[in-house]
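Everything on this sheet refers to the single structure shown next.
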Amino acid sequence: MCAFHQRVRGIAVVVVAVLLVAGAGARALEAFSPHIVCHSHITADGRIKPEPYLKISPPAPWNITRNFLVAPISGVGVLTGRSLEMESCSGPSLWVMFWHPPRTSGGGTMLGDVFLAWMPPVDPAGALSVNGYGIADEGQYVRYGPNISQTRTEEVKLASHESRHVDQWAVGSLLAGPFAFPAAYIIDGALFPSSRNHFERAAGLSSGAYPPAPDNWPAPRWPDTAAIVIIALLIFRRRLRWLTRVAVGGRVHARAHAPMRCPVHTRGWSQPAGPSRVPLARG
């Protein structure tokens, strides 16, 4: 039984490792491929007039470091975007995946340093629907990119906000691996939703188009919180069961196990279910 679980864990680790290695390769390939600067002007005859990069990039040493740290998960974003037939453009310290015009976006999700602009517009009426894309009063040309922002100032704010999320991804990856930040974000978001979320507040609420936080207190989303608790119990139930037996029966239960099972996978909360064995101490 324990050997089976170890094999399953081993296979899962290999699958995740392959995915992350493929992601790192995809992100590197994307970085070295020809690209168009986000929100460049593309006229009807195909001429491209690039917009200048937004000046929000962090210092070069940290920018290189964080891009290296988040490369595997960033590549997952690239592969996801490609599988959805999205286009890509180069932003200021970000890589953006977006729907091909005239389809527009109303928001998205950061995966490493890749902004996946998958959310539909909240309000289809307005500047974005005049020609299907572009900023109000810009004339008849395509703005190459997700076209979430309505003004250049809003664009700077949103890009700065998402760039801070890249910092959070990088720090989380450095401390506890590539899935540390999304796990922490989801847990925090269940207890401190929307503007109360600590990661969104650190990234800047106003620049991310969030309303001001009403207070600093938790306001749990109970369905989300319950789902997280249930998932955690399912994942760690065997460890909890083993720890309960040790707490109730003492250290002897730390090594007691049923035949063909290891201590952690032995059933029983107060004592091992069925006949149990205690390995003899060596020495």
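The values are calculated or read from the model by the stated rules, or taken from the named source; none is laboratory data. Everything quoted here is computed from the prediction, not taken from an experiment. Backbone-built Cβ (ideal geometry, glycine too); neighbour counts: all protein chains shown. Please note that ligands, DNA and RNA were not included when accessible areas were found on the heavy atoms of the full protein model with its side chains. Shrake-Rupley method; radii C 1.70, N 1.55, O 1.52, S 1.80 Å.
Put +1 on the Cβ of each Lys and Arg and -1 on the Cβ of each Asp and Glu in the chain; which of Ser74, Cys262, Ala180 then has its Cα farthest toward the positive end of the dipole? With unit charges placed on the Cβ atoms, the residue in question is Cys262.
DSSP H helices in the chain with Cα extent of 20 Å or more along the helix axis and mean Kyte-Doolittle hydropathy at least 1.0? Passing helices, by number: 2-31. Positive end of the dipole of the stretch 209-259 (Cβ unit charges, origin at the Cα centre): among Pro218, Ile230, Leu240, the Cα lying farthest that way belongs to Leu240. Packing order of peptides 217-225, 27-35, 69-77, 249-257, highest average first: 69-77, 249-257, 27-35, 217-225 (average count of other Cβ atoms within 10 Å over each peptide's residues). Label positions at Ala209 and Leu84, each projected 7 Å from the Cα along the C-beta direction, are separated by 1.5 nm.
Give me the net charge of Phe199's neighbourhood, meaning all other residues with Cβ under 11 Å from the Cβ of Phe199; Lys, Arg count +1, Asp, Glu -1. Summing Lys and Arg as +1 and Asp and Glu as -1 gives 0. Taking other residues whose beta carbon is less than 13 angstrom from the beta carbon of Ser88, and scoring Lys, Arg as +1 and Asp, Glu as -1, yields -2. Taking a point 7 angstrom from the Cα of Ala273 along the C-beta vector, which residues in the stretch 236-254 have backbone N less than 20 Å away? It comes to 236-250, 253-254, nothing else. Here the stretch 1-59 and the stretch 170-220 have alpha carbon centers that stand 23 Å from each other. Close amide H partners of Gly107, meaning residues 5 or more places away or on another chain with modelled amide H under 5 Å apart, are Met119. How large is the accessible surface of Phe4 in square angstrom, using a 1.4 angstrom probe and rounding to the nearest 10? Approximately 110 Å² of Phe4 is accessible to the 1.4 Å probe. Taking Cβ atoms as reference points and 12 Å as the exclusive limit, the residues near Ile230 contribute a net charge of 0, counting Lys and Arg as +1 and Asp and Glu as -1.
Heavy-atom accessible area, probed at 1.4 angstrom with all protein chains present, ranks Tyr210, Tyr53, Tyr144 as Tyr53, Tyr210, Tyr144, highest first.
Given their separation in residues at 0.36 nm each and the Cα-Cα distance between them, Val171 and Leu243 gain 22.8 nm when the chain is fully extended.
The antiparallel fraction among DSSP beta bridges confined to the chain stands at about 75%. Here r is the Cβ-Cβ distance between Ile64 and Val14 and R0 is 30 Å; the resulting FRET efficiency, rounded to 0.05, is 0.55.
Its relative contact order, with pairs defined as Cα atoms under 8 Å and 6+ residues apart, puts the chain at 14 percent. Here the chain has 67 percent of its accessible surface on carbon and sulfur atoms, given a 1.4 Å probe and all protein chains in place.
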